[in-house]
Every structure is written in C-alpha cells, then in structure tokens.
Amino acid sequence: SITRVNVSEVVTMLVHEYKERAAAKSIALQMALPLSPLYAQADSTMLYTVLENLLSNALKFSLSNTTIRLSIEAGDEQCRIAVKDEGPGLSDGDRKLLFGKFIRLSARPTGGEHSTGLGLSIAKSLAEAMNGNLWCESVLGSGARFILHLPKG
C-alpha cells in the first residue's frame, strides 16, 4: 500500500525504539534529519521493516564504543536514507553475496546475536516493491553504509 509517508517520523521512531538495545552494547545512535519533515512514496510497514533490518544489522555487527548514524536527504526526485556503522566492513567477496538468501558472510555478530541470512534479501525485495533501491557501500575494515532510495512523496 504505497502512500505518502513521513520518513523523518519513521526514522525517529525507530531510533527511539532501539536506543536501549544500542546502549546495552555501548553504541551511540545519531540521526541527521532535515529541518522539515521529508516524505517518500512508500508502504509505511515495509519501510519500517527495511530500516529496522538495517539498524538491527548495524547493531549486531558493531563493536562497543562506536557510533551508528542514520541520515535522510532529499534529492530532486528521491529520498535517500542511509545507515552507517563503524563495524568490520565488507570484503569484495561478501559484497557480491550480500543480498542473497540464507547467506552468512565472514563478519560475525559481536554480542552473540543470531543471524538467519535472510534479512537483507527481504529488505532488498521490499525496497524494490516500493519502487526503490537498496545497496551497500563498504570497505573492509571501515564499516558499512546501507543506502535506501525511495521516490519522494
């Protein structure tokens, strides 16, 4: 159900819900939001699910005393949402497999968390179902930045 969704509100709600989980691992969550709310054409439940997966993964693979940054930017026709962590980053080989089903990459969760290898595959499918795109920029040893583009609302 694609409608006009306040992306700023969804990100703020998600960060609020994950603050305690982040604090338990001594990880800081930071948001960079535009001064005015930013809207996208999306399904609000799917959007929340995609962003929750990205934030959950960032927490899962980040060490203590690091920061996860969520940001929202407006392009001409697109809304860009990014989740950047300071985790181990991804090798070229891992990046090629990243959105496959049941894929477990070389990085391991830092707090004993469980991974099914399905989350990013589902997140990418949901992003595409909302006429968007999801990809990752990463260098091994320098964290990862997951970027979701959606049509502006």
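Read-outs throughout are calculated quantities, based only on the coordinates presented, and are distinct from any laboratory measurement. None of the values given here were measured: they were computed from a predicted structure. Cβ coordinates were reconstructed from backbone atoms using ideal geometry, including for glycine residues, and neighbour counts include every protein chain displayed.
Any idea what % of Cα-Cα pairs in the stretch 1-84 are farther than 19 Å?
Here the long-distance tail beyond 19 Å is 35 percent of all Cα pairs in the stretch 1-84.
Where the only charges are on Cβ atoms (+1 Lys, Arg; -1 Asp, Glu), what is the dipole of the chain about its Cα centre, to the nearest 20 debye?
With only Lys, Arg, Asp and Glu charged at Cβ, the dipole is about 320 debye.
Ignoring the sites themselves, what is the longest stretch of the chain with no GluC sites (Glu not before Pro) in a DSSP loop and at most 15 other beta-carbon atoms within 10 Å?
Segment 1-76 is the longest.
For helix 44-61, what angle does its Cα long axis make with the longest principal axis of the chain, in degrees from 0 to 90 and rounded to 10?
Taking the Cα atoms of the chain, the angle to 44-61 is about 20 degrees.
After finding the eigenvalues of the alpha carbon gyration tensor for the stretch 56-99, what semi-axes result from the square roots of 5 times each, listed largest first in whole Å?
23, 17, 7
Can you work out the base-10 log of I(q)/I(0) for the stretch 1-47 at q = 0.13, 0.15, 0.22, 0.26 1/Å, using the Debye formula on its C-alpha atoms alone?
Each listed q corresponds, in turn, to -0.36, -0.46, -0.79, -0.92.
Can you pull the semi-axes for the chain, root of five times each eigenvalue of the Cα gyration tensor, sorted largest first, whole Å?
One finds semi-axes of 24, 18, 13 Å for the chain.
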